[in-house]
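Read-outs throughout are calculated quantities, based only on the coordinates presented, and are distinct from any laboratory measurement. All values derive from a computational prediction rather than experimental measurement. Positions of Cβ are backbone-derived with ideal geometry, glycine not excepted, and every protein chain shown enters the neighbour counts.
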Amino acid sequence: MAKLKIAVLISGRGSNLQALIDACRDADYPAEIGLVLSNVGAAAGLERAREADIPTAVIGHKDFEDRKGFEDALLGELGRAGVGLVCLAGFMRLLSEHFLRPWHNRVVNIHPSLLPSFEGVHVHERVIESGARLSGCTVHIVRPAMDSGPIIIQAAVPVHPGDSPETLAARVLEQEHRIYPMAVRYIAESRLRIVAERVIIDGASAPDAALCNPSS
Ligand code: GAR
């Protein structure tokens, strides 16, 4: 079966991009990366893409007068790349209805919390501050509000007493790298349906989509 061609949108380090690159190296993995696009020319993730011989593009949001102009440029680049799915991986720009309408249900994001709790930035600081015992990460279909939309997979990790934002972030990131390739696989295998804004994964048991890692 033909592989699903995906674009990965980044703004920085690109460790989730790397997890997807690594997954795509497996001949049996049902997706391939056709484009890595960044709104930041200096994003370290672009180098990861170049090393893997993946086409890259930079579209700086500051080069446009308004969000619509920026999003039109993104839409044009994605259209030319001929991809079928857009994966946000640390892409730190909000995408509006204007961008999302033509890509309805075909944009996914990873966020380092158990959404809908702790959307936005400075997540790990806020989790520790709240006294929550569990944190984690979420892959979801993107809707216009920040870090919102139907949830595909989540993984939970404990918050240890004495955790710093950095130690918690590292524990969560390990799970991000695990669940993002899983979510993309479900989509590429056409196993994902959205019914009344809930995700149903055909052939997956509930634990497949809710990975608890109490020992990590
Ligand atoms: C990841 O932790 C990702 O979950 C987060 O940015 C980081 C990017 O790291 N995304 C968000 O906060 C989205 N709201 P990476 O560049 O190494 O993948």
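At R0 = 22 Å, how high is the FRET efficiency between Arg67 and Ser148 if r is their beta carbon distance? Nearest 0.05 is fine.
0.80
What is the list of residues in the range 6-47 whose amide nitrogen lies under 19 Å from a point 7 angstrom out from the Cα of Glu189, following Cα to Cβ?
So the set is 6, 20-33.
Using a Förster radius of 41 Å, what is the FRET efficiency between Arg13 and Asp202 based on their Cβ-Cβ separation? Nearest 0.05, please.
For Arg13 and Asp202, the calculated efficiency is 0.75.
How big is the charge dipole of the chain about its Cα centre, in debye rounded to the nearest 20, if each Lys and Arg gets +1 on its Cβ and each Asp and Glu gets -1 on its Cβ?
Approximately 340 debye in magnitude.
Measuring from label point to label point, each 7 Å out along Cα→Cβ, what is the Asp26 to Val121 span in nm?
Taking the simple label geometry, Asp26 and Val121 are separated by 3.5 nm.
Over the chain, what is the mean sequence separation of C-alpha contacts under 8 Å (at least six apart), divided by residue count, expressed as relative contact order in percent?
Over the chain, the number comes to 19 percent.
Using the Kyte-Doolittle scale, find the helices of the chain whose mean hydropathy is at least -1.0 and whose Cα atoms extend 27 Å or more along the helix's long axis, counting only whole DSSP H runs.
Membrane-span-like by this rule: 165-188.
Across bins of 5 angstrom width beginning at 0, how are the C-alpha pair distances of the chain distributed, in whole percent?
1, 7, 15, 19, 21, 17, 12, 6, 2, 0
Hey, got the Cα dimensions of the range 60-151 along the principal axes, in Å, largest first?
Taking max minus min along each principal axis of the Cα atoms, the range 60-151 gives 45, 27, 18 Å.
For Ile153, what residues show an amide H to amide H distance below 5 Å, using hydrogens built from the backbone and excluding near sequence neighbours?
For Ile153, the qualifying residues are Val139.
How much net charge surrounds Ser38 when only the other residues with a Cβ under 12 Å from the Cβ of Ser38 are counted, with Lys and Arg +1 and Asp and Glu -1?
+2
Using the Cα atoms of the range 145-204 to build a convex hull, what is its mean projected area in square nanometres?
For the range 145-204, the mean projected area of the Cα convex hull comes to 5.4 nm².
What FRET efficiency, computed as 1/(1 + (r/R0)^6) with R0 = 30 Å and r the Cβ-Cβ distance, is obtained for Thr167 and Val58, rounded to the nearest 0.05?
Computed FRET efficiency for Thr167 and Val58: 0.40.
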